[in-house]
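Step one of this worksheet: look at the structure below.
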Amino acid sequence: MILVDSSVWIAYFNGQITWQTDALDKLLHSEPILIADLILTEVLQGFRTDKDFNQAKAFLSTLVFIEIGGYNSAIISAFNYRLMRKKGITGRKTIDVLIGSYCIENGISLLHDDHDFDPMEQFLGLKVITSDSLH
């Protein structure tokens, strides 16, 4: 299973062509794709029209839904944040630390286009989908 970050979904819904949006397009037909509560919020809050919001909501509701928040996620994410800070890296977005920590704890790969996940890959073992891993 693969979790897709809002950075990719937003580009996808805006019609941007990147290797990540191309990968998402292919993966939607071949792999179970997860949508998380926090990511769903980030994606849907950006739609300007009710029509676009409702279409995206209907499409995203067909994916496997997971909840990232909760007590254990909060503790694990705070631990990971502190671990990176000890290495001199301060996470910019708490939501990204929650998403990355959830993926690490559950062995889920992440498709993203956000450099904030790079330290989590490097220092915490976050598994990410790369352009090379798709070939």
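Every number in this text was worked out from the coordinates using simple rules, so none of it is lab data. Being a predicted model, the structure only gives us computed values, none of them experimental. Virtual Cβ from ideal backbone geometry, glycine too; neighbours counted across all protein chains shown.
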Q. According to a simple spin-label model (label point 7 Å from Cα along Cα-to-Cβ), what is the distance in nm between K127 and F53?
A. 3.6
Q) Tell me, what HN-Hα J-couplings in whole Hz come from the Karplus equation 6.51 cos²θ - 1.76 cosθ + 1.60 at θ = phi - 60° for each residue of region 15-27, using x for Gly and Pro? A) x, 6, 9, 9, 5, 5, 5, 4, 4, 4, 4, 5, 5
Q.
Give me the one-decimal nm value for the distance between modelled label points at M1 and R92, 7 Å along each residue's Cα-to-Cβ direction.
A. 2.9
Q) Quick one: Karplus J couplings for region 61-75, per residue in order, coefficients 6.51, -1.76, 1.60, θ = phi - 60°, nearest Hz, x for Gly and Pro? A) 6, 7, 8, 6, 8, 10, 9, 8, x, x, 4, 4, 4, 5, 5
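Counting other beta carbons within 10 Å of each Cβ, put H115, H29 in order, fewest first. Mind dumping the intermediate values first?
Values: H115 10, H29 7.
Going from sparsest to densest Cβ surroundings: H29, H115.
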Q: Name the long-range amide H neighbours of I35: under 5 Å, sequence gap of 5 or more, or other chain; modelled H, no Pro or chain starts.
A: V64, F65, I66
Q. In the neighborhood of D116, defined by Cβ-to-Cβ distances under 12 Å, what is the net charge if each Lys or Arg adds +1 and each Asp or Glu adds -1?
A. -4
Q | Gained length - Q45 relative to N14, 0.36 nm times residue gap less alpha-carbon distance | A | 9.8 nm
Q.
For a 27 Å ceiling on Cα separation, which of these pairs sit above it: K51/K127; K26/K51; K57/K93; K26/K127?
A. K51/K127
Q) For S109, which sequence-distant residues (separation of 5 or more, or a different chain) have an amide H within less than 5 Å of its own amide H, given hydrogens modelled in the peptide plane? A) L3
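Could you list R48, R82 in order of exposure, starting from the residue whose Cβ has the fewest other Cβ atoms within 10 Å?
Ranking R48, R82 by Cβ neighbours within 10 Å, fewest first, gives R48, R82.
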Q: Could you work out the relative contact order of the chain, using alpha carbon pairs under 8 angstrom and six or more residues apart, expressed as a whole percent?
A: 30
**Q.** the chain: equivalent-ellipsoid semi-axes (sqrt of 5 x gyration tensor eigenvalues, Cα, Å)
**A.** 25, 17, 14
Q: Can you tell me the 0 to 90 degree angle between the C-alpha axis of helix 50-60 and the longest principal axis of the chain, rounded to 10?
A: 60
